[in-house]
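Some notes on the structure that comes next.
Since every read-out is calculated from the coordinates, none of them should be taken as a lab result. Remember, it's a predicted structure, so these values are computed and weren't measured experimentally. Don't worry about glycine lacking a Cβ; one is built from the backbone with ideal geometry, like all the others, and counts go over all protein chains shown.
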Amino acid sequence: TNIVKQNTNIDNLSKIDKEYFIHPTTVPKDFIENGPKIIFSEGKGIRVKDVNGNEYIDGVSMLWNVNLGYGQKELADAAYEQLNRLPYCSSFYGYSNENAIRLAEKVVSVAPGDLSAVFFTSGGSESNETAFKLVRHYWDMKGLSDKKKIISLKRGYHGATISTGSATGIIGFHNFSGSKDMDILHAKPHLTNCELGDKTAPDYDESIRSMIEKTGADQIAAVIMEPVQGAGGVHVPPEGYLQAVKKLCEENNILFIADEVICGFGRTGKMFGVENWDVVPDVMCVAKGITSGYAQLGAVLLNKEIRDTLVQYDQILGHGFTYSGHPTACAVGLATLDFLEKNNILQNVNEMEKELKKGFKYLEENHRHLAKTRAVGLLAGFELMQDPDTETPFEQSIRAARYVVDHCFDNKLILRAADFEHQVNIVAIAPPLIINKQEVEEIINIVDDALTSFEKTL
Ligand code: PLP
């Protein structure tokens with residue numbers, strides 16, 4: 001009777017879900033027919049359970065954010081303690097709180113170069129939106145108010161507001177609902193890209209360079225990019241690319257914004273993604289990993305010059321969010337940074353990157369459609385192609401990445417397909433940074449089975 005009762009409850013939940021809950025990044029017409037794919041209920045370590053009691057390995061840290069995995073008591077306790085003491089207070093009108101103050105200092109202390117001050121937000125979109133507004137405001141203060149345009153890369157993901165959605169270079173997101181920020185320009189993505197066969201693509205930073213020449217540097221406020229493009233399909237830039245773009249920005253009096261929303265706080269094996277290429281951005285946007293997803297928080301870091309200019313503004317800074325500097329979210333942020341350091345998480349990421357690469361090598365030797373495996377820390381992925389040697393993609397009807405991800409899901413491993421573009425079949429892997437060797441092997445084994453099963457369908 002228990003099982004019957006439980007199922008009734010789940011059916012009921014599913015029904016209510018379909019009726020009342022509009023889901024982000026979901027096909028509504030499918031959802032209304034099929035209901036939720038899974039209803040999560042609890043988690044421990046790298047694993048999550050659904051309401052039926054099925055246990056899954058979370059191979060993508062949910063949305064690349066639950067970096068420390070589930071059930072970390074220190075993080076929960078930090079939130080609980082603060083919720084009881086003072087759940088919320090404002091940072092507007094000169095109000096402040098100790099957690100936000102200490103987290104601002106802490107984040108600056110671990111950030112590269114002269115990143116010197118922090119503006120808090122509630123997530124990644126708000127961080128990037130804030131960065132766009134602050135860099136434009138900075139140029140205003142410098143008497144260069146024509147500098148309004150932002151260059152972003154195709155295939156990048158920067159958020160879902162009007163401006164950050166415009167900066168996002170993934171078709172479905174970029175075009176949804178129509179309205180655009182006309183001050184956003186898209187440059188071609190860097191070369192290790194999924195525009196297969198595009199041998200004429202200009203090298204390195206050429207696309208950005210010609211865009212600056214065409215538009216005029218006096219119109220351009222900033223260039224934004226992810227150190228490693230995440231949602232677009234885990235695209236690692238070629239060596240020298242980020243440095244070249246940074247130099248180009250410097251030469252043209254343009255600010256460089258690093259979107260570290262996925263890369264930040266250890267995901268790539270360094271504290272921040274840009275550190276893999278020794279680049280210091282002028283502005284750095286973070287979210288996700290700053291609280292390991294245990295609370296909603298983002299931040300924008302400003303270099304010394306921007307910070308020193310901004311603090312001279314003698315009118316109200318007309319920007320901010322109710323939850324900017326949220327004391328409970330900041331308590332979780334402090335606990336997260338503490339956990340990262342105390343548990344040598346970066347070292348684990350670097351060791352597990354090696355294990356993952358060993359697994360990729362094994363898969364490559366055994367599956368002929370596997371291509372372009374990559375991992376920077378635990379931000380990883382692979383592609384599936386008809387012929388990896390000639391980079392020939394599968395024909396459009398073969399949804400290889402989707403098949404593999406669905407098969408893994410049936411075998412209790414959650415991965416993510418990046419197949420926004422036709423004939424692009426990328427599978428992303430980004431497990432919690434606390435993963436161990438045996439768990440990496442479990443992931444590889446499940447992927448191995450999925451690939452074998454996929455090959456049988458051809
Ligand atoms: N920037 C990057 C690189 C992201 O991956 C994301 C989300 O996936 C965002 C920005 C937007 O963050 P949020 O969904 O918290 O608004």
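Please compute one quarter of the surface area of the Cα convex hull for the range 323-369 and express it in square nanometres. Display every interim value, and only then the final one.
Numbers: hull surface 22.0 nm².
If I average the Cα hull's projected area over directions, I get 5.5 nm².
Enumerate the lysines that Lys357 could reach by cross-link, defined here as Cα to Cα under 20 Å, with residues fewer than 8 away along the same chain left out.
Here the lysines satisfying the reach criterion relative to Lys357 are Lys270, Lys372, Lys437.
Quick query: amide H of Ala117 versus all other amide H atoms, modeled in the peptide plane; which residues come in under 5 Å with a sequence gap of 5 or more or a different chain?
Leu302
Between Glu98 and Tyr313, what is the spin-label point distance in nm, taking each point 7 Å from the Cα along the Cα→C-beta axis?
Taking the simple label geometry, Glu98 and Tyr313 are separated by 3.0 nm.
Among DSSP beta bridges lying fully in the range 73-342, give the percent that are antiparallel, nearest 5. Provide the component values of the computation, followed by the final result.
Values: 11 of 25 bridges.
Roughly 45 percent of the DSSP beta bridges within the range 73-342 come out antiparallel.
By its C-alpha gyration tensor, with a ≥ b ≥ c as the square roots of the eigenvalues, how is the range 4-62 shaped: rounded for a/c under 1.5, else prolate for a/b larger than b/c, else oblate? Walk me through the numbers before you get to the answer.
Details: a/c = 2.78, a/b = 1.28, b/c = 2.17.
In terms of gyration-tensor shape, oblate.
Place a +1 charge on the Cβ of each Lys and Arg in the range 73-342 and a -1 charge on the Cβ of each Asp and Glu, then give the dipole magnitude about the Cα centre in debye, rounded to the nearest 20.
Working: 25 positive and 33 negative charges, 86 e Å.
Value, rounded to 20: 420 debye.
Please express the shape of the range 366-458 as an equivalent ellipsoid: the semi-axes are the square roots of 5 times the eigenvalues of the C-alpha gyration tensor, given largest first in whole angstrom. Walk me through the numbers before you get to the answer.
Numbers: eigenvalues 94, 41, 29 Å².
They are 22, 14, 12 Å, listed from largest to smallest.
In whole Hz and in residue order, list the ³J(HN,Hα) couplings for the range 404-413 that follow from phi through the Karplus curve 6.51 cos²θ - 1.76 cosθ + 1.60, θ = phi - 60°; x for Gly and Pro.
For the range 404-413, the Karplus-derived couplings read 5, 5, 5, 5, 4, 4, 4, 9, 6, 10 Hz, x marking Gly and Pro.
What's the ranking of 70-79, 25-34 by average number of surrounding C-beta atoms within 10 Å, highest first?
Working: 70-79: 17.4, 25-34: 10.6.
Ranking, from highest mean packing down: 70-79, 25-34.
Using the 10 angstrom Cβ neighbour count as an exposure proxy, how do Ser292, Ser453 rank, fewest first? All intermediate terms of the calculation are to be shown ahead of the outcome.
Details: Ser292 28, Ser453 15.
Fewest-to-most ranking of Ser292, Ser453: Ser453, Ser292.
GluC sites (Glu not before Pro), restricted to the range 210-305: which are DSSP loop and have at most 16 other Cβ atoms within 10 Å?
The qualifying sites are Glu239.
Sorted from fewest to most neighbouring beta carbons within 10 Å, what does the list Arg47, Arg267 look like? It would help to have the intermediate numbers written out before the result.
Values: Arg47 18, Arg267 29.
Starting with the residue having the fewest Cβ neighbours, the order is Arg47, Arg267.
With a/c under 1.5 counting as rounded, go ahead and sort the range 238-315 into rounded, prolate or oblate using the C-alpha gyration tensor (a ≥ b ≥ c being the square roots of the eigenvalues; past the cut-off, prolate if a/b is larger than b/c, else oblate). Could you put the intermediate results ahead of the total?
Details: a/c = 2.89, a/b = 1.08, b/c = 2.68.
Oblate, because a/c is 1.5 or more while a/b does not exceed b/c.
With +1 assigned to the C-beta of every Lys and Arg and -1 to the C-beta of every Asp and Glu, and no other charges, what is the dipole magnitude of the chain about the Cα centre in debye, to the nearest 20? Don't skip to the end; give the middle numbers.
Working: 46 positive and 62 negative charges, 120 e Å.
Here the size comes out at about 580 debye.
With both bridge residues required to lie in the chain, what share of the DSSP beta bridges run antiparallel, to the nearest 5%?
Numbers: 32 of 48 bridges.
That works out to approximately 65 percent antiparallel.
Taking 0.36 nm per residue of separation and subtracting the Cα-Cα distance, what length does fully extending Ser177 through Arg399 add? Present the calculation step by step, with values, prior to reporting the outcome.
Values: separation 222, 0.36 × 222 = 79.92 nm, distance 2.64 nm.
Taking Ser177 through Arg399 to full extension adds about 77.3 nm, to one decimal.
Given Cα pairs under 8 Å that are at least 6 residues apart, what percent is the relative contact order of the chain? Write out the running numbers ahead of the final one.
Numbers: 868 pairs, mean separation 91.6, N = 458.
Taking the mean separation of contacting Cα pairs over the length of the chain, I get 20 percent.
In whole Hz and in residue order, list the ³J(HN,Hα) couplings for the range 165-172 that follow from phi through the Karplus curve 6.51 cos²θ - 1.76 cosθ + 1.60, θ = phi - 60°; x for Gly and Pro.
The phi angles translate into x, 5, 5, 4, x, 10, 3, x Hz.
Going by a ≥ b ≥ c, the root eigenvalues of the Cα gyration tensor, does the range 119-268 fall in the rounded group (a/c under 1.5), the prolate group (a/b larger than b/c) or the oblate group?
Rounded is the answer for the range 119-268, as its axis ratio a/c remains below 1.5.
In whole Å, what are the extents of the chain along the principal axes defined by its C-alpha atoms, from largest to smallest?
For the chain, the Cα spread along each principal axis is 66, 60, 44 Å.
Long-range amide H contacts for Glu42: which residues qualify at under 5 Å (H placed 1.01 Å from N, peptide plane, sequence gap of 5 or more or a different chain)?
Amide H neighbours of Glu42, under 5 Å, 5+ apart: Lys49.
Please report, for the Cα atoms of the range 73-342, the Rg to one decimal and the Dmax as a whole number; what are they, in angstrom?
For the range 73-342, the Cα-based Rg and Dmax read 18.2, 60 Å.
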